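Read the structure below first, then the notes.
The values are calculated or read from the model by the stated rules, or taken from the named source; none is laboratory data. As the structure is a prediction and not an experimental result, all values here were calculated from the model. Ideal geometry is used to build each Cβ from the backbone, glycine not excepted, and the neighbour counts take in all protein chains shown.
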Amino acid sequence: MTNPLLQHRELPAFSTIETGDIEPAIKQIIERNKKAIEALLDETKKYGANNLLRPIEAMDDELSRAFSPVSHLNSVCNSDALREAYNACLPMLSEYGTWMGQHQRLFQAYTQIAEGDEAAQLDPAQRKALDNALRDFRLAGVALPEKDKQRYGELKKRLSELGSKFSENVLDATNAWSKQVSREDLAGLPDTALASAKQAAEQAGAEGYLINLEFPSLIPVLTYCENAKLREEVYQASCTRASDKGPNAGEWDNSALMAETLDLRQELAQLLGFSDYTELSLATKMADTPTQVVEFLEQLAAKSREQSVEEWQALQVFAKQEFGAETVNAWDAGFYSEKLQEKRYQVSQEDIRPYLPVDRVLPGLFEVVNRLYGVTFEEVTDFDSYHPDARLYNILRNGNLIARFYLDLYARPKKRGGAWMDDCRVRRIDDGDLQLPVAYLVCNFTPPIGDAPSLLTHNEMTTLFHEFGHGLHHMLTQQTVAAISGINGVAWDAVELPSQFLENWCWEPDALAFISGHHETGEPLPQELLEKMLAAKNFQSAMQMARQLEFALFDFLLHRNWQGGDASDVQALLDDVRAKVSVIPAPSYNRFQHGFGHIFAGGYAAGYYSYKWAEVLSADAYSRFEDEGIFNAETGAAFQREVLEVGGSKEPMEAFVAFRGREPDIEPLLRHCGIAS
């Protein structure tokens with residue numbers, strides 16, 4: 001019987017996916033894979049790449065191709081039925097992963113290959129994939145006693161369920177809050193935000209204007225709204241989502257989920273012989289020890305502390321002098337910061353927005369990538385889509401198709417917030433044929449309003465470039481072994497290098513000349529406005545650094561020091577970290593951690609430091625382009641060859657040194673941020 005999730009090999013057939021088919025289809029693939037793996041192990045006594053590694057890779061790929069569109073739809077078109085089907089699959093997938101990772105005969109077969117005659121015949125990519133697999137067997141508890149193996153499986157299954165529930169609670173709490181307001185309530189908001197709020201009200205059948213907690217609505221209110229009480233109400237609703245505080249207190253409370261998640265992660269780490277979860281996390285990362293990570297973060301905190309305090313004090317002085325504000329509260333910081341930036345540099349995000357329509361920025365992004373890596377793009381208009389917002393593009397080299405990607409740019413109900421890249425298909429050899437990589441690229445920008453195009457802020461454009469950098473890492477790979485192809489097998493604290501690296505072109509005048517263009521006249525960003533924007537680039541950069549370090553230290557110390565407890569202990573640690581590195585006081589009701597999906601529902605547990613770690617790599621890598629030319633084709637080819645194409649086939653430090661000629665230096669990051677080193 002044809003599996004309904006595998007009808008089309010190259011691209012998902014979204015229109016044919018029935019929620020009722022999902023659970024049995026995934027179950028069918030898993031059961032068939034188990035039988036096939038047992039048969040492979042029974043059939044031969046001398047294992048090799050052709051009779052074991054490649055068949056298992058094909059099975060893994062088939063399961064990935066089946067579940068990938070389900071996972072994607074759950075994030076971008078969430079519904080009760082889809083959520084139920086998705087959640088029903090998670091325990092099966094977790095159990096299957098544990099079954100594979102703890103399969104003693106399979107581990108022995110992989111070990112036989114690694115130590116046998118054929119090992120010398122494996123190419124470096126195959127060898128790296130094999131070494132990673134052996135490491136992952138050990139991290140899956142293959143050497144544990146049977147009782148501990150069983151407990152490992154229970155822990156992995158429950159952690160998968162907890163992560164999904166955490167994410168659902170945040171989504172439900174986000175969707176649950178909206179407020180109908182008048183034009184007067186929104187005094188100070190730019191026309192684009194007002195039009196969006198008006199359209200939201202019309203779509204909901206409401207009078208006046210409607211605001212909510214999705215980013216395109218939330219950020220303009222906190223940045224421009226002159227009504228301080230409304231700012232506070234929106235801020236409180238946002239920072240108390242899925243918690244014991246705020247307008248929906250207790251309804252989707254993640255308190256117990258956080259504590260249980262931390263308990264189980266600690267137990268999992270100790271079961272595998274690590275002292276805490278940070279050691280387990282670093283077993284697959286570029287950083288060597290927990291101490292090294294903490295010292296790295298504390299070094300950045302120390303170097304940026306004095307400047308962040310000065311920036312905060314300057315904001316308080318400005319707010320008092322210009323507005324008579326005795327106190328700058330958390331919900332005021334964005335508002336007064338925008339006013340200070342406007343006064344100091346005579347520029348705001350809204351001044352730039354008319355020059356960044358999506359349909360000008362996107363071709364500009366493609367032109368940047370073309371100049372760097374020699375690839376071109378074409379939009380596909382006839383494809384099986386899942387939503388009218390979704391677009392599909394081909395990437396071509398010398399006219400030949402090398403990759404595809406879906407682009408889903410706009411915020412909407414039932415879509416997870418934030419921005420991300422995920423893989424749909426991985427580049428690999430399949431029965432002698434090359435399977436091309438396919439990516440999902442997702443953002444949550446303000447959608448077009450009426451006949452007006454979607455206009456991006458510079459921050460949003462930077463987000464688009466960031467996610468596209470991830471996409472290029474996945475799509476420009478030259479690897480054909482799935483486990484180290486694209487972003488697969490790349491250490492988590494190095495995976496942000498290509499994404500943060502591509503952001504640099506958002507600040508380059510030579511690039512902005514063709515990335516920008518007024519949505520009515522086509523005029524590129526005027527020189528005067530460009531100069532003001534560049535002058536304001538590092539406005540409050542130390543405060544922004546402090547905010548990211550707050551998140552990173554909180555995450556890492558939480559997983560390093562957790563000894564059991566409840567949500568109050570999580571809060572206490574966050575309060576302690578804030579006292580040391582933050583400058584903006586958080587109100588007592590702030591429950592940021594209850595919505596911190598990166599570490600409780602994503603892949604960043606004891607790994608949020610990766611953003612700063614990789615930012616050091618990206619700033620230093622970009623400094624070579626600063627020296628040799630930002631569109632130097634030879635330099636672009638070198639970055640493509642040494643970083644993007646290698647995927648996970650090399651250790652990240654080896655790949656970086658191959659491109660940069662030396663190990664990374666922290667100075668370019670501090671210089672790019674305008675922080676004295």
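Would a scan of region 173-186 turn up a residue that is touching an Asp or Glu at 6+ places or on another chain (Cβ under 8 Å), under 25 Å from PRO354 (Cβ atoms) and not in a helix (DSSP H, G or I)?
no
Can you say whether GLY471 is among the small types (Gly, Ala, Ser), touching a residue at least 24 places away in the same chain (Cβ under 8 Å), over 27 Å from PRO220 (Cα atoms) and out of contact with any helix residue (DSSP H, G or I) (no Cβ under 7 Å at 6 or more places or on another chain), as far as the supplied structure shows?
Spelling it out, GLY471 is indeed among the small types (Gly, Ala, Ser), touching a residue at least 24 places away in the same chain (Cβ under 8 Å), over 27 Å from PRO220 (Cα atoms) and out of contact with any helix residue (DSSP H, G or I) (no Cβ under 7 Å at 6 or more places or on another chain).
Take ARG158 and tell me if it is of a type in the set (Lys, Arg), assigned to a helix (DSSP H, G or I) and in contact with a Leu (Cβ under 7 Å, 6 or more places away or on another chain).
Spelling it out, ARG158 is indeed of a type in the set (Lys, Arg), assigned to a helix (DSSP H, G or I) and in contact with a Leu (Cβ under 7 Å, 6 or more places away or on another chain).
Name the residue, out of ALA552, ALA511, ALA567, that is small (Gly, Ala, Ser), in the same structural domain as ALA586 (by TED's automatic domain parsing), at pLDDT 95 or above and surrounded by fewer than 22 Cβ atoms within 10 Å (Cβ to Cβ).
ALA567
Could you run through region 183-200 and say how many residues are within 29 Å of the chain's Cα centre (by Cα), closer than 10 Å to PRO220 by Cα and among the small types (Gly, Ala, Ser)?
1
Which of the residues spanning region 602-655 are outside any helix (DSSP H, G or I), of a type in the set (A, V, I, L, M, F, W, C) and either under 21 Å from GLY486 (Cα atoms) or touching a strand residue (DSSP E or B) at 6+ places or on another chain (Cβ under 8 Å) (or both)?
Residue satisfying the conditions is VAL646 alone.
For GLY324, all conditions in the list (1) in contact with a Pro (Cβ under 6 Å, 6 or more places away or on another chain); (2) free of Cβ contacts under 8 Å to residues at least 40 places away in the same chain hold save one; what is the number of the exception?
GLY324 satisfies every listed condition except (1).
Taking PRO413, is it over 30 Å from GLU226 (Cβ atoms) and not assigned by TED's automatic domain parsing to the domain that holds ASN78?
no
May I ask you to list the residues in region 407-430 that are farther than 20 Å from VAL495 by Cα and of a type in the set (Phe, Trp, Tyr)?
The answer is TYR410, and nothing else.
Rundown of residues vs (1) at pLDDT 95 or above; (2) closer than 11 Å to LEU644 by Cβ; (3) not in a helix (DSSP H, G or I), yes/no style:
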| residue | (1), (2), (3) |
| --- | --- |
| HIS466 | yes, no, no |
| GLY471 | yes, yes, no |
| ALA483 | yes, no, no |
| GLY486 | yes, yes, yes |
| ALA491 | yes, no, yes |
| VAL495 | yes, no, yes |
| PRO498 | yes, yes, no |
| PHE501 | yes, yes, no |
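Among the helices (runs of 4 or more DSSP H) confined wholly to region 214-278, which include 3 or more residues that are modelled with pLDDT of 95 or more and closer than 13 Å to GLY595 by Cα?
228-239, 255-271
Only one residue in PHE600, PHE596, PHE592 is surrounded by 18 or more Cβ atoms within 10 Å (Cβ to Cβ), closer than 13 Å to PHE551 by Cα and touching a Cys at 6+ places or on another chain (Cβ under 7 Å). Which one?
Every option except PHE592 fails the conditions.
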